[in-house]
Structures are given as C-alpha cells and as structure tokens.
Amino acid sequence: MKKILFYLTIVAFLFTCNVSIAAPVTANTVEKILNLSGINKQLTELPKMIKHGLDQARQQNPSITESDLAGMKKVIDEAFIPDEFIHAIGSEISANLSENEANQLVTWFESSMGREITSAEVEATTPGAFQNMLAEAQTLFSDTTRVSIVQKIDNLLGATDMSVQIQLDTAIAVFTSLTSSLGETQGALVETFKAQLEAQKEQMRKNTEQLTLLTFLYYYKDIDPKTLNEYVNFLGNPNTLKFSDCVKTGTKTAFDKSTKTMAKSLDTLFSNQNS
C-alpha cells in the first residue's frame, strides 16, 4: 500500500463557467485559444512529466522495481491521453464563451506580453525544467516581491485548490478500486481512508501551495515584476476569469476520467503481481 500511496502523490502533484447568450464561439477561435495559450503544448507533455516523476521516485525508493515502473508507465500512457484533456477544455470554452469574449482573449495572447508569458510557461513545462525548478527553489523563494505576485496569480487561478481536490479525488478513486474485491468490508475501509485524508488535508494544502508557488516562480523568473503585475490585472479581467474557469472545469472532467481508468488499471496491475 505504501508503494501505491507514493505513486498517487507523484501523479497528483504533477498534475472550473457562466453560460453566454451572445454569439457562440467558433471552432476556429477555440483552436486559436488552445494553441496561443500554450494549452495544447503543455498538455502534450503531461504523460512525460508524470513518467519522469516516477523515474525520480524510483531513484529515491528502491522498492519500486523495474517491473513496477514499467507497469505504472503503461498505466499512465493508457489513462492520461492529452487529446482528451484538450477536447474537454475546448468543449468548456465552446459552451461558455461568446465569440467576442474569445476574440478578446486571442488579442491578448497575440500581444507581446501574451507571447512572453505563454512562451515562459511552455518552456518550463518539461521534465528537465522540473528538475531545474527544484534545484533553484531556495533562490526563487528568496525574492519576496515575486512571491507576493505569484500568490496573487495562484489565488486568481485557483491552482492550489484544484490541485488539492485532484489529489483527494485520485487517492479515493484508486483506493476504492483496489479494495473493490473485499465485499462488505470495503465501505468501512474507504470511510476510514477518507478520514485519514481529511486529517492530512491541511498539511497537504500547505505542501501543494508551496509547490504551486514554486512552479509559478520558475515559470516567470525572467519576466520583470512590472509585466507580471500587468499579467495579474489581465487574470482579474472577467473574460479571463471565465476562461480560467473553463480550463479548470475541463481539466477536472478529463482528470476524473483518467483517474477512473488509472484506478482500474492499477487494480489489475497489482492483482496480477500478487497472484
């Protein structure tokens, strides 16, 4: 079970919309937003990021065998399909943004500031960048001005809150699947597990917030504070908030689906290993 919980932590770390009555956004505009915002490129890296995390985890935890690692990576490839995440987010944008609202976002993403911000985010979303980020953590957190700015970014995007919820949902889904063969005793075990998670939730949130802030600090380390404050203003714009909600909702929808697939696959994987 320790091995499973350790795996869940890796997945969770590496890893919401008002209806508009105006002219609906066109498919072409949705595709522009997904490309210009860097969402397409970043989500393409998602399975690689998770699998890289597993590689790093194995270096620190020798109890994860080569067979375990290969099996887990296969589960990731089968469960976390980038196109499904992209489709889910695109569907939310189509359903909740008007063409005018979407075009305003396109205009910003095509601006010099938009391109600078997006480029920084995309370049930092690679396995190698993740390792560099961890190595630079102390230096990045020493800049209190930037820390204050990225805290505002986190609050506006709701990144920490979403990450914590995904961790909880993932842990419960996988635990439930892995105990499905226990019959009548499963319910009590699941409730006990939920209580344990609830007791750890505050510390989980603190840890997640630190990782979220570190991620943003690394993303924007080469962007001057004035530009970052202007970015904060953009994030607070009603259209941007609506777009962010769509991204969160689409991501959560896709992640829930991936989690269910992962839970079933893990159940099969570990059942076969124990048979």
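Side notes on the structure shown:
- P(r) histogram, all alpha-carbon pairs of segment 116-275 included - 5 Å bins from 0, percent: 1, 8, 13, 15, 18, 14, 11, 8, 6, 4, 1, 0
- Förster-model FRET efficiency, 30 Å R0, T26 and L189, C-beta, rounded to 0.05: 0.05
- For the chain, alpha-carbon Rg over 2.2 N^0.38 Å: 1.06
- If only the Cβ of Lys and Arg carry +1 and only the Cβ of Asp and Glu carry -1, the dipole of segment 2-274 around its Cα centre is close to 420 debye.
- Projected label points at V147 and N233, each 7 Å from Cα along the beta carbon direction, are separated by 2.6 nanometres.
- Unit charges at the beta carbon, dipole of the chain: most positive-side option, T139, T126, S271: S271
- The count of lysine pairs in segment 184-248 whose Cα atoms are under 25 Å apart, excluding pairs fewer than 8 places apart on the same chain, comes to 7.
- Kirkwood-based shape ratio for segment 222-265, expressed as Rg/Rh from alpha carbons: 1.27
- Dividing the summed -39500 (n - 2.57) terms of all DSSP H runs of n ≥ 4 by the residue count of the chain sets its mean residue ellipticity at 222 nm at -27000 deg cm²/dmol.
- Within segment 198-228: backbone nitrogen closer than 16 Å to the N155 label point (7 Å, Cα to C-beta): 209-210, 213
- The eigenvalues of the Cα gyration tensor, multiplied by 5 and square-rooted, give segment 115-204 an equivalent ellipsoid with semi-axes of 37, 16, 13 Å from largest to smallest.
Each reported figure results from applying straightforward, stated rules to the coordinates on display, with no laboratory input. Computed from a predicted structure; not experimentally measured. So basically every Cβ, Gly included, is an ideal-geometry build from the backbone, and we count neighbours across all protein chains shown.
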